[in-house]
Amino acid sequence: MPNPLAGPTATGRQSGTAGSIARQVLANRGFVACVLLLGSFTVGFEVLAKVKDIQFRKLPVPLKKPLSELDQAGLRQRVFALDGSLRGHLYAGKPSPAIVEAFKGRGLVLGADAEVRVKEPGRGWQITERNGKTRVEVTYTVQYEEASRELEVYAPYRVINVLEIKPEILDSLGTDQYIQWVLLDQTHCDGSPAADGSGAPPPEDVVQLFVTYYTGAPDQVPHVPEECYMGGGGYHVKTESIMDVPMPALGPGQTVPVKVVEFEGPSHATGGGVKMVMYLFQTNGQFCADRMGVRSVLADPFVRHAYFSKLELTFGMQDALPMRDKAIEAGKRFLAIVIPILLKDHWPDWDQVLRAEAEARAAGKTQAK
């Protein structure tokens, strides 16, 4: 039994101190008002978000299929068309004299080591040769079109290197969904060597494709080349602009905005070439040329899902960089080919995502009734 004559216990002193602090806090009317106001805002905000179906933490959207499965055969450009009657002269082995003459008439000389392979009897062929001047292997695909009754000749971009990102760099990149390929544009098949006489392909014909994909992570900040080159490469921006690049495969008059950045910095390149980068974002079904546009699209509170993908192109090699105008033209050609493939085979169908969201909302309202 406690002694009533004893002094205050430690517990009593603590409760007295706590009570004194509480009284002081409650006596501060401004503080109490702020707490009540913040509490009401929090509750009201949650109620509003629920009523209006506002989504702040975005849900992930998967790719249709991994970027690593990008169709290499689809990365091709039309070179010219031949009369369909020549398909009878296409057979396995050395090209027939008629085919050699037909190519020569278009300014392309098939060398002695050229070889024809039948991919689909009567409809598809492949002609491979080693260019006589550059010694680079060139592959043409030939396809018979029933509608035009012509032989369409294409020169595909050839993947000459697949780059892998180190795990420690991958962590800072923020995603493992990416491809980084070095490709050779084979449309310049006239054997023209580089301006320096090295026998290498023109630098603008070497295209490095870098595509990344992000979804599901909160507050993801899009990476941009300016930060990478200026932060770690010792470069600085010389010029930058945004241009609309035509996309004929997406429909008449269709374009996408692309940012073009010219960098100055350390270079061992010969011939006066420059470091050129072209990039854009595809986010929630829209194209954006910079990350401010991406943030604006992702900030839509009435959309439950979100993703963004960056497509970046650079040109040439460290010791052989292209001239600005040639790099831009090479980039426009390649973007017009690769973007439709990414839209068709890889990037999410945003209309389908929105339809699924609408169906989910409708189902939720029905269940609520």
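The values are calculated or read from the model by the stated rules, or taken from the named source; none is laboratory data. These figures come from a predicted structure and were not determined experimentally. Here the Cβ is made from the backbone with ideal geometry for all residues, glycine too, and neighbour counts use every protein chain on show.
Results, tabulated for the structure shown:
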item: Residue in the stretch 159-180 that is nearest to Arg130 (Cα to Cα), counting only those that are in contact (Cβ under 8 Å) with a residue 60 or more places away in the chain and buried (at least 16 other Cβ atoms within 10 Å of the Cβ); result: Ile179
item: Residues (touching a Gly at 6+ places or on another chain (Cβ under 7 Å) and surrounded by fewer than 15 Cβ atoms within 10 Å (Cβ to Cβ)) located in the stretch 135-158; result: Arg135, Arg149
item: Cβ pairs under 6 Å, 6+ apart, first in the stretch 278-291 and without any contact (Cβ under 8 Å) to a residue 60 or more places away in the chain, second part of a loop (DSSP other than H, G, I, E, B); result: Leu280/Ala289
item: Of residues in the stretch 315-347 being touching a Gly at 6+ places or on another chain (Cβ under 8 Å) and assigned to a loop (DSSP other than H, G, I, E, B), the one nearest to Asp205 (Cα to Cα); result: Gly316
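This table checks each residue for (1) at pLDDT 95 or above; (2) in contact with a helix residue (DSSP H, G or I) (Cβ under 7 Å, 6 or more places away or on another chain).
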residue: Leu108; (1), (2): no, no
residue: Ala112; (1), (2): no, no
residue: Val116; (1), (2): yes, no
residue: Gly122; (1), (2): no, yes
residue: Arg135; (1), (2): no, no
residue: Tyr140; (1), (2): no, no
